[in-house]
């Protein structure tokens, strides 16, 4: 498995969008607008690859000085529970740390809360609805 920073608009990015669509959006009956995808050009785009195939992905963007936000974390459904998400999260945390961030925050889906808690994240909000499903703000000091 290779963990990489990928370029917005590249062929790897298009594979990342497809993975996010298949895992995160289609099951909710949602898609992406061109504006949403265009706004990602300033994010740090991360992915886990096996050969040319994207197995997992996420992105980071600066929420405020010192704090980076994780978004769009997705692992292929048939590969969940095999340590790929954990490896990608460790990679994302290291990238954030290397760039001087002190805190990583996210809007975590309620059904992923346990995964993030095992990674050391704490719930910092009441439950709220985003993209039609329950979420929590979770964060961790880096």
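Bear in mind these aren't lab numbers, they're just calculated from the coordinates by the rules spelled out. Keep in mind the model is a prediction, meaning the values are calculated, not measured.
Mean separation of Cα pairs under 8 Å and 6+ residues apart, divided by the residue count of region 20-118: what relative contact order is that in percent? Relative contact order of region 20-118: 23 percent. Shape class of region 1-69 from the Cα gyration tensor (axes a ≥ b ≥ c, square roots of the eigenvalues): oblate, since a/c reaches 1.5 or more and a/b does not exceed b/c. The calculated 222 nm mean residue ellipticity attributable to helices in the chain amounts to -7500 deg cm²/dmol, summing -39500 (n - 2.57) over DSSP H runs of n ≥ 4 and dividing by all residues.
Would you mind classifying region 62-141 by shape? Square roots of the alpha carbon gyration tensor eigenvalues, ordered a ≥ b ≥ c; an a/c under 1.5 is rounded, otherwise it is prolate if a/b is larger than b/c and oblate if not.
Numbers: a/c = 1.84, a/b = 1.12, b/c = 1.65.
Verdict is oblate for region 62-141.
Please work out whether the chain counts as rounded, prolate or oblate from its C-alpha gyration tensor, where a ≥ b ≥ c are the square roots of the eigenvalues and a/c under 1.5 means rounded, while otherwise a/b larger than b/c means prolate and anything else oblate?
On the way: a/c = 1.28, a/b = 1.14, b/c = 1.12.
Judged from the Cα gyration tensor, the chain comes out rounded (a/c under 1.5).
Just 62, 50, 35 to compare: in a GNM of the chain, with alpha carbon springs under 10 Å, which one fluctuates most? The residue that fluctuates most here is 35. What is the distance in Å between the Cα centres of region 72-113 and region 1-49? Taking the Cα centre of each part, region 72-113 and region 1-49 sit 14 Å apart. Top mean-square fluctuation among 18, 124, 82, Gaussian network model of the chain, C-alpha springs under 10 Å? Comparing 18, 124, 82 in the GNM, the peak value goes to 82. When the Gaussian network model of the chain links Cα atoms closer than 10 Å, the mean-square fluctuations of 37, 19, 88 top out at 37.
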